Every structure is written in C-alpha cells, then in structure tokens.
Amino acid sequence: MFHSLNFGLIPGEELYSFCKKTVLLVDEKKVAIPAVEPFLSNAKIRLGDFQLALDRDVNNPLIKIRKQKTKNQLDAFMALRNLAESGSTRKKPGMAEAANIVLEIIGKYGWTTLKRTGQKARYTLLDGLITELKTKHADEVALIGATEVLDELEQAQAEYLEADTNVVRSENNKSAPTIGDTRKPLVDNVRQLFQIIALQEVAAPSTSVTALIASLNELITTSLATVKATHTRTENAKKNAGTAEVN
C-alpha cells in the first residue's frame, strides 16, 4: 500500500523532481513488472512535456512578473485575513462582531483554498470576495480598519490580470506547452502508475513489487518532508519580514 500523497500541494519544480524519480524507480523494475510498461511510457512522455513547460517559464520574463503579481495577491489576502483574525479578539464595541462577519465571508470563498488553488480559480474567488466585502460589508471592513488592505487586494487583482493577459498573449506566439496544460496529464499518469503497481501487489505479489513499493513510499515521505520544509521557510521569512517592518 502506498502512503497518501496530495499532488496539489507540490510546487512545479518539486513535482517534476518527484515524478522523474518515480519514473526512474519504476523503470528499474519494469522487466520484473511488465504490466507497468504502457503506463510508464505515457508518464515519460508527460514528464518531457512538463519539463518543456518549466523551461519556458524560466526563460519567459513575463511569467516571472506574473509570479510576483500572484505573490502580491496572496500577501494582500493574508494581510486581510490576519487583520480580521486580530479584530475578532478586540474588546472595542462592535469590533469582534464585524471581524467575525469578515472572517465568515473569507471562509465562504475558501479559508485555505485560495492559497492552494490554481491561478485562474484564485482570481475568480478573490474577485467574488472583494465584490461581496465592498458592496455588502463595507461598514464592517471599515470598522476593523481593513479598507486600505482590501483596496490593496483589489489593486493586486488588477495587476495580476494585466500580467496574466501579457503572458497569454506571449504564449499564443509560442508552440511550447504550458504548465497549466501539462501538469494534470503528468499527475494523472503518475497516479495510474501507482494504481497499476498497487493492483500488481494484490494480483501477482513478488519481491520486486514489494521492493518497488517500499522505494516509492520512501520517495513520497522524503518529497513531502522537502515540500513542508520549503513551506515552513517561506512562512518564517514572511513573518521575519513583517517583524522587521514593524521594528
């Protein structure tokens, strides 16, 4: 049995590394497990497509700009969320009630989903969040002192949209695949690899299958630890930057 793995939590370059190592491990055992061959071949093709997409991202300055605008979106969203959380503990009359209303609206659009979802879905969710807060809860936003932060989030949205439009225009003039086009097919094929290996363990168990599953589980554990460590470093850096600004 394989360890649980949420592919959606793995960033692009780490995903490529994980899938490449998976393909190499399975490739070493394919002679002893012939049933994996067609799934392995598909995974290799998808891995190659994903690598081309990653390379294009590295070389396209417009994509780097979009990444920064995406970061600005998330930073503004987290500032709004943190401000509302802080307000929910205040004793000033009406403050906690207003903050909890804002928090409820944030939860409606995705408490953590906004950080993990795709760029286009995030834009749509944030657009809905901003509209609802501005049109229906402007008083509550003002009471907790979040009007300026909400304006910053709206500005970050506009800047992201402009950056994304520029990327799309540039991509239309290129034949290389995009990460959006290649990530899901790669993940789907690697999942199929895991599924066929798991079925093989049930239908025709062998020392080769057992050894492969053990190796893949070790890879999953190591990869998840790497992703978690990267996330922790990023969050700590943000906290340290915020502390430095206050000081």
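Checking each residue in region 69-101 for being in contact (Cβ under 8 Å) with a residue 12 or more places away in the chain and either in contact with a Pro (Cβ under 6 Å, 6 or more places away or on another chain) or among the small types (Gly, Ala, Ser) (or both) picks out ALA76, ALA79, ALA84, SER86, GLY87, SER88, GLY94, ALA98, ALA99. Only a single criterion out of (1) outside any helix (DSSP H, G or I); (2) in contact with a Lys or Arg (Cβ under 6 Å, 6 or more places away or on another chain); (3) of a type outside the set (A, V, I, L, M, F, W, C) is not satisfied by GLY145, namely (2). What pairs can you find where one residue is in region 126-140 and in a helix (DSSP H, G or I), the other is among the polar types (S, T, N, Q) and surrounded by 12 or more Cβ atoms within 10 Å (Cβ to Cβ), and their Cβ atoms are less than 6 Å apart, with a gap of 6+ or different chains? Listed pairs, sorted by first residue: LEU126/GLN157. When region 110-166 is filtered for residues that are surrounded by fewer than 17 Cβ atoms within 10 Å (Cβ to Cβ), among the small types (Gly, Ala, Ser) and at negative phi, the ones remaining, listed by number, are GLY118, ALA121, GLY128, ALA138, ALA142, ALA158. In summary, GLN119 fulfils each of the numbered conditions (1) touching a helix residue (DSSP H, G or I) at 6+ places or on another chain (Cβ under 7 Å); (2) modelled with pLDDT of 90 or more with the single exception of condition (2). Any residue at all in region 54-68 that's surrounded by 15 or more Cβ atoms within 10 Å (Cβ to Cβ), of a type in the set (Val, Ile, Thr) and at pLDDT 90 or above? Scanning region 54-68, I find at least one residue that is surrounded by 15 or more Cβ atoms within 10 Å (Cβ to Cβ), of a type in the set (Val, Ile, Thr) and at pLDDT 90 or above, so the answer is yes.
Restricting to region 74-109, and then to whatever is of a type in the set (Gly, Ala, Ser) and within 20 Å of the chain's Cα centre (by Cα), can you tell me which residue is surrounded by the most Cβ atoms within 10 Å (Cβ to Cβ)? Here the answer is ALA76. The residue that is nearest to LYS20 (Cα to Cα), counting only those in region 158-217 that are of a type in the set (Ser, Thr, Tyr) and outside any helix (DSSP H, G or I), is THR178. For LYS71, the test of being charged (D, E, K, R), surrounded by fewer than 17 Cβ atoms within 10 Å (Cβ to Cβ) and either touching a helix residue (DSSP H, G or I) at 6+ places or on another chain (Cβ under 6 Å) or in the same structural domain as ALA156 (by TED's automatic domain parsing) (or both) is passed.
Scanning region 1-43 for residues that are among the polar types (S, T, N, Q) and closer than 26 Å to GLY118 by Cα, which turns out surrounded by the fewest Cβ atoms within 10 Å (Cβ to Cβ)?
The initial filter retains those residues of region 1-43 that are among the polar types (S, T, N, Q), namely 4, 6, 17, 22, 41-42.
So of that shortlist, the ones also closer than 26 Å to GLY118 by Cα come out as 4, 6, 17, 22, 42.
Details: SER4: 7, ASN6: 9, SER17: 15, THR22: 21, ASN42: 17.
Per the stated criteria, the residue is SER4.
The values are calculated or read from the model by the stated rules, or taken from the named source; none is laboratory data. What you see is a predicted model; the values in this text were computed from it and never measured. All Cβ positions, even for glycine, are placed from backbone atoms using ideal geometry, and neighbour counts span all protein chains on display.
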